[in-house]
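**Student:** Starting off with a structure, shown below.
The values are calculated or read from the model by the stated rules, or taken from the named source; none is laboratory data. For clarity, every value in this text was computed on a predicted model and none was experimentally measured. Quick reminder, even Gly has a Cβ in these numbers, built from the backbone with ideal geometry, and neighbours come from all protein chains shown. Heavy atoms of the whole protein, side chains included, go into the accessibility calculation; ligands, DNA and RNA do not. Shrake-Rupley method; radii C 1.70, N 1.55, O 1.52, S 1.80 Å.
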Amino acid sequence: MANLWDIDKIPFVGHDKGVKEGLGFHYYDPERVVAGKKMKDWLRFAVAYWHSFNNTLNDNFGDGAAQRPYYGKYSDPEDQALCLVDYAFEFMQKLGAEYFCFHDRNIAPQGDTLRETDRNLDKVVDKIEENMKSTGIKLLWNTCDTFTDVRFVRGASTAPNRQIFEYVAGQQRKSLEIAKRLGAENYVFWGGREGWESIWNTDVKREQDHMAEWFRMCHDYAKSIGLDAQFLIEPKPQEPTTHQYDWDVATALNFCKTYGLDFFRINIEGNHANLAHHSYGEEVRTAVDADKLGSLDANQGNKFVGWDMDEFPVDLYDTTQVMWEVMRAGSIGPHGGLNFDAKPRRTSFTAEDLFRAHIAGMDSYAAGLLVADKMHQDHFIEDLWADRYKSWDTPLGKSIEAGKESLESLEKGVLDVSEKDLVAGNESDHLESVMATINNYMIEALANA
Ligand code: XLS
Ligand code: NI
Ligand code: NI
């Protein structure tokens, strides 16, 4: 392995050597078997090209602070893009991440026409393909950037200007062709500008019809070229637009039902969940219960800031809850993984910090998996649910659940029950103790990991 990053492969050091920070995994031990599956197969970590390699860590008030070994290597953008591929693959190898994700416009520079841009893309895709072969690193998903360029200022598939829709069709076709070529396991749609700034100037219904039509065309084309990547919608309530059509998991699922787009599953991002006033676990629950979990964009927001901060995920409550749901479902969807749609804070600007940030995220999910596993082993939540709903495990409860009762049949049984007895029939949830027990699981499962 080359040493472009001037860093060694990140080892698993374990947590028994104390809590010192360092360039080693404390909990993520890829080959370790947890509940019948290797850790790496539960978690399927992916590196996000746009944040990890393209993000300079600039903000509204200052220039890019990031230090990266590939900056300024070449003056020609195409040479620079090709050189970045080597750095990207070495980074992933050193980290031990087996998957990556990208937008079309992350990997190659835009030309003057779509044709020229496609040509630029082909050259970089050739190089990516070679690197995938030599390293065994796979493509978790790719996607189309239909939000950065000013042409998309009023939307992409929902643009009021029809020619933009045509352009998106062309850009999208190429992106699906690349997915096929690189063996993408999933294909993501995030509609950053598919939404409105004001409903006064927006024909919401017409725009949504257009978006559905675009999805249908994408699916038809994928079928025609034999691309069997799982299609995923990534919900987000707002930012950049005031209101995006894929507000949250429930909204996206309803959209798919309305338009008969059953082939979609959902890619859920932690920070997006919070922006829609949901916890990450809650969004994952909604998708799992509907059998629509597809993949996960692993990041977190800041509870005090109302936009997409894309922090690396380090909140153990979140990772535990998400992995508890994933274990309940059996996997992160059929082909999903944990993609770090996250950027280091601007104060973590060194190249080494980029490794540290990923290590922190990977360890936090590995730890969450270990806690969730212990909770499942003990049937902690399963028993709690069984107890909470036990009055339904009766002949009458089963009969209601089987749809065999009516308002009149049920009324008979309660007409003469006193109000006092009804209240007395309620048991306490002692919720505070439940939450404290979850704390205890974290402490104990990790101490004994
Ligand atoms: C932005 C989204 C984006 C998608 C891919 O908020 O998270 O990065 O994951 O287009
Ligand atoms: Ni995302
Ligand atoms: Ni996001």
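**Student:** By DSSP, what percent of the beta bridges with both residues in the chain are antiparallel, rounded to the nearest 5? Spell out each step's value before the answer.
**Tutor:** On the way: 6 of 33 bridges.
Just about 20 percent of them are antiparallel.
**Student:** If you don't mind, there's one more thing I want to ask. Excluding same-chain residues fewer than 8 positions from K73, which aspartates and glutamates have a Cα within less than 18 Å of its Cα?
**Tutor:** Reachable aspartates and glutamates: D6, D86, E90.
**Student:** Residues of segment 163-179 with the amide nitrogen closer than 17 Å to a label point 7 Å from the Cα of S224, along Cα-to-Cβ, please.
**Tutor:** Once the point is set 7 Å along Cα→Cβ of S224, 166-179 turn out to lie under 17 Å by backbone N, inside segment 163-179.
**Student:** Leaving out ligands, DNA and RNA, what percent of the accessible area of segment 135-180 is carbon and sulfur, probe 1.4 Å?
**Tutor:** Working: 980 of 1820 Å².
Ligands and nucleic acids excluded, carbon and sulfur reach 54 percent.
**Student:** Return the Rg/Rh value of the chain, two decimal places, where both radii are evaluated on C-alpha atoms and Rh is the Kirkwood radius.
**Tutor:** Details: Rg = 24.1 Å, Rh = 23.8 Å.
Radius of gyration over Kirkwood radius for the chain works out to 1.01.
**Student:** Which lysines have a Cα lying under 24 Å from the Cα of K174, excluding residues fewer than 8 positions away in the same chain?
**Tutor:** Leaving aside lysines fewer than 8 places away in the same chain, those within reach of K174 are K123, K127, K133, K138, K223.
**Student:** On to the next question. Can you give the FRET efficiency to the nearest 0.05 for W392 and H277, using r as the Cβ-Cβ distance and R₀ = 30 Å?
**Tutor:** Details: r = 30 Å, r/R0 = 0.99.
Plugging the Cβ-Cβ distance into 1/(1 + (r/R0)^6) gives 0.50.
**Student:** Please give the per residue volume of the convex hull enclosing the alpha carbon atoms of segment 248-378, rounded to a whole number of Å³. It would help to have the intermediate numbers written out before the result.
**Tutor:** On the way: hull volume 14.0 nm³, N = 131.
Spelled out: Cα convex hull of segment 248-378, divided by residues, is 107 Å³.
**Student:** Right, something else. Within 10 Å of each candidate Cβ there may be at most 10 other Cβ atoms; applying that plus a DSSP loop requirement, which trypsin sites (Lys or Arg not before Pro) in segment 381-449 survive? Numbers along the way, then the final one.
**Tutor:** On the way: sites: R388, K390, K398, K404, K412, K420; in loops: K404.
Loop-located and lightly packed - K404.
**Student:** Among the aspartates and glutamates, select those whose C-alpha is under 14 Å from the C-alpha of K205, and discard any that sit fewer than 8 residues away in the same chain.
**Tutor:** E194, E213, D246
**Student:** Still on this structure: Loop only by DSSP, 14 or fewer other Cβ within 10 Å of the Cβ. Give me the GluC sites (Glu not before Pro) in segment 249-338 that pass, ordered by residue number. Walk me through the intermediate numbers first.
**Tutor:** Details: sites: E269, E282, E283, E311, E325; in loops: none.
Answer in residue order: no site qualifies.
**Student:** Please list, in order, the residues from segment 141-160 whose amide nitrogen is less than 20 Å from a point placed 7 Å along the Cα→Cβ vector of H243.
**Tutor:** Zone members listed by number: 153-160.
**Student:** A further question on this structure: What is segment 379-449 by shape, rounded, prolate or oblate, if you read a ≥ b ≥ c off the alpha carbon gyration tensor as root eigenvalues and call it rounded for a/c under 1.5, prolate for a/b larger than b/c, and oblate otherwise? Mind showing how you got there, number by number?
**Tutor:** On the way: a/c = 5.61, a/b = 2.24, b/c = 2.51.
Because a/c hits 1.5 or more and a/b fails to exceed b/c, segment 379-449 counts as oblate.
**Student:** So for segment 111-221, taking the charge dipole from beta-carbon charges (+1 Lys/Arg, -1 Asp/Glu), which of N186, F152, A212 sits furthest toward the positive end?
**Tutor:** Farthest towards the positive end: N186.
**Student:** How many angstrom separate the Cα center of segment 1-75 from the Cα center of segment 255-270?
**Tutor:** 31
**Student:** Under unit Cβ charges (Lys, Arg +1; Asp, Glu -1), what dipole magnitude, rounded to 20 debye, does segment 387-439 have relative to its Cα centre? If you can, show how the numbers build up before the last one.
**Tutor:** Numbers: 6 positive and 12 negative charges, 35 e Å.
That gives a dipole near 160 debye.
**Student:** Per residue, how many Å² of accessible area does the chain show with a 1.4 Å probe?
**Tutor:** Numbers: 21850 Å² over 449 residues.
For the chain, the per-residue accessible area is 49 Å².
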